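Q: Quick one: the structure is below, questions incoming.
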Amino acid sequence: MEKLNINKDWLSLFQGQNPAIIAGPCSAETPEQVMRIAKSLPKEVKVYRAGIWKPRTRPGGFEGVGAIGLKWLQQVKAETGMLLATEVATAEHVQLCLEHDIDILWIGARTAVNPFAVQEIADVLRGTDKVVLLKNPVNPDLSLWMGGVERLAEAGITKLGVIHRGFSTYEKTKYRNIPEWQIPIDLKLHLPNIPIFCDPSHITGNRDKILGVSQQALDLNYEGLMIETHCDPDNAWSDAAQQVTPDQLGDIISKLRVRNVTDETEEFLQQIQAHRIQIDDMDSKLLDLLRKRMAISDAIGTLKKEKNVAVFQQDRWLKILEKMQEEGKHIGFTEEFITAIYTAIHQESIHRQDKIINK
């Protein structure tokens, strides 16, 4: 994957803006709404987004205005000079966008999960010079996300980027789609040259949380943000709760802080090295503690085998989880963090005990 031909120069479309901002409504609704939002956006915004086709989980909801909306976007470009971005899910969508000179195409999370659909889009784009952004698949699957990027690159598309919009989960969390920050971090490790945008609107599902998630993305060196913006968000035809007004977007942009990638001063390097040595030591100790814990778990597995007792004990597991969540809260850890750690530990314990019982 390191050998993919990915050209970051397309970020010049944002005319030096850092972070690069893509903004506009979740959905194009009417020509008046599309133009009003475009002319109300902060002057920093160089790329205007609007959904023309809206994939819906169940039928009956608003699924976008369709191809007529592309003409509305063309009018926005003619009157404001902004570049245009919209989502595509089929070869037909791509062809229509090419005919209407849409500058940036993004492939949504529901489409990214289907390699056949991504390949179909890649094939239609072969030989063109469009910027293509790939959202992460709905499910947390790094290989699937990287595979989509690879399909697009192999079709000769070099102006590539990805959008982190969070991942679906059955669990109730404070987010609409949990960020799972480690997955985009891992993607960046495999593809260091690929620009990554964050979509805090879809991660949070709540306009009040957009600033916090946007800043977190910048703290992880993301190149850009895609933020849904509407002049009357409460009455938007789709995703009302996660859209901000143009004034709110301007406030968010003004509060964002871009961090330095590093600090080369001797004082900083010495201090951070000292902290890293401490972390490395603690990580070794954590592994040793886990080794000792698993040895106890193995002993329990042996006892269960002797007494013909089932591996999984639901009441015991729930008591452990509840206890550790409570203790974790008192020392400043989130419930999600404690749950993730102890779920992983419990799954490993179950795996080891199951091997012991079935020897």
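The values are calculated or read from the model by the stated rules, or taken from the named source; none is laboratory data. Quick caveat: nothing in here was measured; it's all calculated off a predicted structure. Please note: Cβ atoms are built from the backbone with ideal geometry, for glycine as well, and neighbour counts cover all protein chains shown. Heavy atoms of the whole protein, side chains included, go into the accessibility calculation; ligands, DNA and RNA do not. Shrake-Rupley method; radii C 1.70, N 1.55, O 1.52, S 1.80 Å.
Q: Who wins for biggest fluctuation among 228, 267, 150 in a Gaussian network model of the chain, springs between alpha carbons below 10 Å?
A: Fluctuation is largest for 267.
Q: May I pose another question? Over the Cα atoms of region 173-294, what Rg and Dmax result, in angstrom?
A: Cα radius of gyration and Dmax of region 173-294 are 19.0, 58 Å respectively.
Q: Quickly estimate the mean residue ellipticity at 222 nm for the chain, helices only: each DSSP H run with n ≥ 4 gives -39500 (n - 2.57), and the total goes over all residues, rounded to 500.
A: -15500 deg cm²/dmol
Q: Compute the angle between helix 335-357 and the longest alpha-carbon principal axis of the chain, please, reported from 0 to 90 degrees and rounded to the nearest 10.
A: 50 degrees
Q: Another one. Would you list 268, 116, 197 from the most to the least accessible area, probe 1.4 Å?
A: 116, 268, 197
Q: Shifting gears a bit: Please give the helix 314-330 orientation as an angle from the longest Cα principal axis of the chain, in degrees from 0 to 90, rounded to the nearest 10.
A: 70 degrees
Q: Moving to a separate point now. Per the 1.4 Å probe, what fraction of the accessible area of region 266-358, in percent, lies on carbon and sulfur atoms?
A: 58 percent
Q: Any idea what log10 I(q)/I(0) is at q = 0.09 Å⁻¹ for the chain, Debye with uniform C-alpha scatterers and no solvent?
A: Log10 I(q)/I(0), no solvent term: -0.61.
Q: Could you state the accessible area per residue of region 266-358 in Å², with a 1.4 Å probe and every protein chain left in place?
A: Ligands and nucleic acids excluded, the figure is 79 Å² per residue.
Q: Report the local net charge at residue 358: Lys and Arg +1, Asp and Glu -1, summed over other residues whose C-beta lies under 12 Å from its C-beta.
A: My count for the surroundings of residue 358 gives +4.
Q: Tell me the per residue accessible area of region 9-255 using a 1.4 Å probe; a whole number in Å² is fine.
A: Ligands and nucleic acids excluded, the figure is 41 Å² per residue.
Q: Here's a follow-up. Tell me, what is the percent relative contact order of the chain, built from C-alpha pairs under 8 Å that lie six or more residues apart?
A: Reported relative contact order: 15 percent.
Q: If you take every DSSP beta bridge fully contained in the chain, what fraction is antiparallel? Give it as a percent rounded to 5.
A: Counting DSSP beta bridges with both partners in the chain, the antiparallel share is about 5 percent.
Q: Here's another thing I want to ask about it. Could you look at region 9-255 and say what percent of its accessible area is carbon and sulfur, using a 1.4 Å probe and all protein chains?
A: Whole-percent figure for carbon plus sulfur exposure: 49.
Q: Taking a 22 Å limit on the Cα-Cα distance, which of the listed pairs 323/359; 3/159; 159/188; 255/329; 46/130 fall beyond it?
A: 323/359; 255/329
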